[in-house]
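Peer 1: My structure is below; once you've seen it, I'll send some questions.
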Amino acid sequence: MKERVALVFTLVLMFAQSCSDDDDNTIPVVPPRPMAEVEAENDADIREYLETHYYNYEEFQNPPAGFDYKIVLDTLIKGDGNIPMIEQVSSVNLAVESSFFNLEEDVTVDHTLYYLSARDGVGGSPTIADSTFTSYEGSLLNGLVFDGSTTYSWQYLPFFLRGYAVGVTKFNVGENVATFPDGTFEIEGSGVGLIFIPSGLAYFNNPPIGSGIDLYDPLIFQVNTGLYEENTDYDNDGIPSIMEDLNNDGILANDNTDLEQERTTGFSFLPNHIDSDDDQDGTPTRDEIIIDANGTITFPDTDGDGIPDYLDRDNS
Ligand SMILES: [Ca+2]
Ligand SMILES: [Ca+2]
Ligand SMILES: [Ca+2]
Ligand SMILES: [Ca+2]
């Protein structure tokens with residue numbers, strides 16, 4: 001599971017670092033740079049990279065015998081006729097609140113995420129709240145590879161960098177053509193793509209120590225999207241994780257109905273998608289909803305106050 005470490009524990013690392021800052025005042029603390037300034041700089045750097053680099057699209061269009069469907073990036077040479085990636089990427093804008101990185105400034109900054117599908121998968125696309133069976137390689141704009149996996153592994157997207165997770169949802173997966181007794185899969189027609197991520201959708205001023213990623217570095221991920229689990233229900237409470245994004249902003253960490261009770265009782269802070277008793281009334285969410293034979297979920301509201309029982313501590 002080595003490949004998970006660098007990506008998954010972003011928030012844990014951030015917390016640990018902010019604690020040690022308080023404990024040791026001999027280390028000079030450099031204030032974070034303004035998010036809007038960093039985004040503008042990152043976007044210019046990513047765009048310059050896309051204008052000056054191409055990938056092996058001709059091999060993807062006309063695959064030679066034995067082609068491994070791995071993306072190779074190279075520098076354009078003026079007049080060589082290769083198409084720069086800037087003409088092939090798509091993009092999406094995502095608002096980032098500075099509070100996500102515990103910054104002192106209080107701003108919301110639009111960030112542009114770029115992505116490119118080298119091979120469209122034959123299957124469906126995951127949501128931001130699904131588990132995907134994916135392999136990946138992460139690198140910097142200077143070509144340094146900082147992380148990667150050689151085989152597919154299951155990744156629950158809400159635990160991963162936001163830019164990475166949103167990027168993966170832009171691709172289609174393949175299909176599982178065989179499952180062997182040892183649990184391994186054979187997948188055909190997976191998606192292959194690239195994601196270009198500004199630091200505000202990655203680590204910003206808190207890259208993992210020793211990772212080779214510097215403060216405010218934009219990241220590139222090559223991904224191979226094999227499978228996904230449709231309507232992933234991570235906490236097994238009967239409600240698919242995507243439906244636990246109550247404010248519908250694509251971030252599952254900021255929907256926590258019983259935060260006040262968790263504070264009072266000293267519980268861990270569990271956002272709804274990883275909380276099997278979303279209102280902490282002692283009755284599991286699964287017992288406060290009804291799922292019929294077709295899988296349709298209904299949400300009883302016993303006291304008629306407009307708040308469904310599973311989110312309502314006083315529904316009696
Ligand atoms: Ca949310
Ligand atoms: Ca909770
Ligand atoms: Ca839940
Ligand atoms: Ca409950």
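Peer 1: So what does log10 I(q)/I(0) come out to for segment 249-316 at q = 0.21, 0.23 Å⁻¹, using the Debye formula with one equal point on every Cα and no solvent?
Peer 2: Here log10 of I(q) over I(0) equals -0.92, -1.04.
Peer 1: Strictly greater than 30 Å: what percent of every Cα pair in the chain meets that?
Peer 2: Distances greater than 30 Å cover 42 percent of the Cα pairs.
Peer 1: When the helices in the chain are scored as -39500 (n - 2.57) per DSSP H run of 4 or longer and the sum is shared across all residues, what 222 nm value do you end up with, to the nearest 500 deg cm²/dmol?
Peer 2: Roughly -5500 deg cm²/dmol at 222 nm, from the helical runs in the chain.
Peer 1: Can you list the HN-Hα couplings for segment 292-300, worked out from phi with the Karplus curve (6.51, -1.76, 1.60; θ = phi - 60°), rounded to whole Hz and with x for Gly and Pro?
Peer 2: Calculated HN-Hα couplings, in order: 7, 4, 7, x, 6, 9, 10, 10, x Hz.
Peer 1: Ranked from highest to lowest mean number of other Cβ atoms within 10 Å per residue, what is the order of the peptides 48-55, 291-298?
Peer 2: 48-55, 291-298
Peer 1: Taking segment 189-276 as the region of interest, what is the percent of Cα-Cα pairs per 5 angstrom bin, listed from the shortest bin to the one with the maximum distance?
Peer 2: 3, 12, 13, 13, 15, 20, 15, 6, 2, 0
Peer 1: Where in segment 76-102 is the amide nitrogen less than 11 Å from a point lying 7 Å along the Cα-to-Cβ axis of E58?
Peer 2: Only 80-83 pass the distance filter.
Peer 1: When the Cα centres of segment 68-116 and segment 203-269 are compared, how far apart do they sit, in Å?
Peer 2: 21 Å
No lab work stands behind these numbers, since they all come straight from the coordinates. Note that the structure is predicted; figures quoted are calculated from it, not measured. A quick note on method: Cβ atoms are made from the backbone with ideal geometry, for glycine too, and the neighbour counts reach across all protein chains shown.
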